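Peer 1: Supplied in structure tokens, the structure appears directly below.
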Amino acid sequence: METPVFKLDRTAFKAGNHQQNGNQFLYWQSKSMTERLQAAAYLNSVAYNYDLLNPPRLDRTAFSMRKQD
């Protein structure tokens, strides 16, 4: 995965109403699915403070598998 070409500007965000946020919906709908997923992965790495190119491994001890009958 390549290093993202975008950077999070923490001063650019504000709360808005439904009508104002509709513009954001149209913006993200104009992006390809790949671009949306890359942006989501980047935002997760910022929120959970991990390196985008080296994400943490899944803790498999927290999950169990069962067969369903």
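Peer 1: I'm trying to understand the selection: among the residues of segment 13-43, which are outside any helix (DSSP H, G or I) and surrounded by fewer than 11 Cβ atoms within 10 Å (Cβ to Cβ)?
Peer 2: Matches in segment 13-43: Phe13, Lys14, Ala15, Asn17, Ser30, Ser32.
Peer 1: Being at pLDDT 90 or above and not aromatic (Phe, Trp, Tyr), is that true of even one residue in segment 12-25?
Peer 2: Taking every residue of segment 12-25 in turn, none turns out to be at pLDDT 90 or above and not aromatic (Phe, Trp, Tyr).
Peer 1: Criterion first (outside any helix (DSSP H, G or I), more than 26 Å from Lys14 (Cβ to Cβ) and not hydrophobic (A, V, I, L, M, F, W, C)) does Asn54 satisfy it?
Peer 2: Spelling it out, Asn54 is indeed outside any helix (DSSP H, G or I), more than 26 Å from Lys14 (Cβ to Cβ) and not hydrophobic (A, V, I, L, M, F, W, C).
The values are calculated or read from the model by the stated rules, or taken from the named source; none is laboratory data. Keep in mind it's a predicted model, so treat the numbers as computed, not measured. Note that we place each Cβ from the backbone using ideal geometry, even for glycine, and neighbour counts take in every protein chain shown.
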